1. Quote the relative contact order of the chain in percent (integer), defining contacts as alpha-carbon pairs under 8 Å separated by 6+ residues.
2. For residue 94, give me every one of the lysines with a C-alpha distance below 27 angstrom, ignoring sequence neighbours fewer than eight places off in its own chain.
3. Pairs of Cα atoms under 8 Å, at least six residues apart: use those to get the relative contact order of segment 40-101, whole percent.
4. In the chain, how does Rg compare with the Kirkwood Rh, expressed as the Rg/Rh ratio over alpha carbon atoms?
5. Taking K and R as +1 and D and E as -1, what net charge do the other residues with C-beta under 9 Å from the C-beta of residue 55 add up to?
6. When the helix-only estimate is applied to the chain (DSSP H runs of n ≥ 4, each -39,500 (n - 2.57), divided by the residue count), what is the mean residue ellipticity at 222 nm, nearest 500 deg cm²/dmol?
7. Would you list the membrane-span-like helices of the chain, meaning whole DSSP H runs whose alpha-carbon atoms span at least 15 Å along their axis and whose mean Kyte-Doolittle value is at least 1.6?
8. Can you tell me the length gained on complete extension of the stretch residue 49 to residue 96, counting 0.36 nm per residue apart and subtracting the Cα distance?
Amino acid sequence: REYMYLSRWQDAIDTLEKHIALPGYVWPEEKCASYRYMARCLFNLGDHKRTEEMLLNALALCPHLRESYCELAQMYYMKNQFALAAYFAAGGLKIKTRPDAYMSESDAWNGQLEHVLQLSREALESGE
């Protein structure tokens, strides 16, 4: 994770892949966060296909967390895929309780999902 914060994208990816592959590692919330961090690195390297893959892996692993929904909604919005952005924003908003865990991120709880949902719906209504 620290490599990601230092913008050392490939080093972060290499380390996070090792973390995800640890045998017997069973804490899904932390593994989910590693998938999301890897997605951010891949996005910064321009690999948008693998970015999507990592975010979908994160969501599949922990569908009870808002963070993956939020990042998927933001990614699809930036790609002008407004129906998918709205879908994932709405899905994230169904989760009402913020977990008491260190990997809970403020973007998923500070109005970002509502904002992406509103903008996506407006874009769809205007025919974009």
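The values are calculated or read from the model by the stated rules, or taken from the named source; none is laboratory data. No experiment lies behind these values; they were computed from the predicted model shown. Positions of Cβ are generated from backbone atoms using ideal geometry, with glycine treated the same way; all protein chains shown enter the neighbour counts. Accessible surface areas use protein heavy atoms only, side chains included; no ligands, DNA or RNA. Shrake-Rupley method; radii C 1.70, N 1.55, O 1.52, S 1.80 Å.
1. With pairs under 8 Å counted, the relative contact order is 19 percent.
2. Candidates past the 8-residue exclusion: 31, 49, 79.
3. 26 percent
4. Working: Rg = 14.7 Å, Rh = 14.9 Å.
Radius of gyration relative to Kirkwood radius: 0.98.
5. With Lys, Arg at +1 and Asp, Glu at -1, the net is -2.
6. After summing the helix terms and dividing by the residues of the chain, the value is -21000 deg cm²/dmol.
7. Helix filter hits for the chain: 82-93.
8. Gain on extension, residue 49 to residue 96, equals 14.0 nm.
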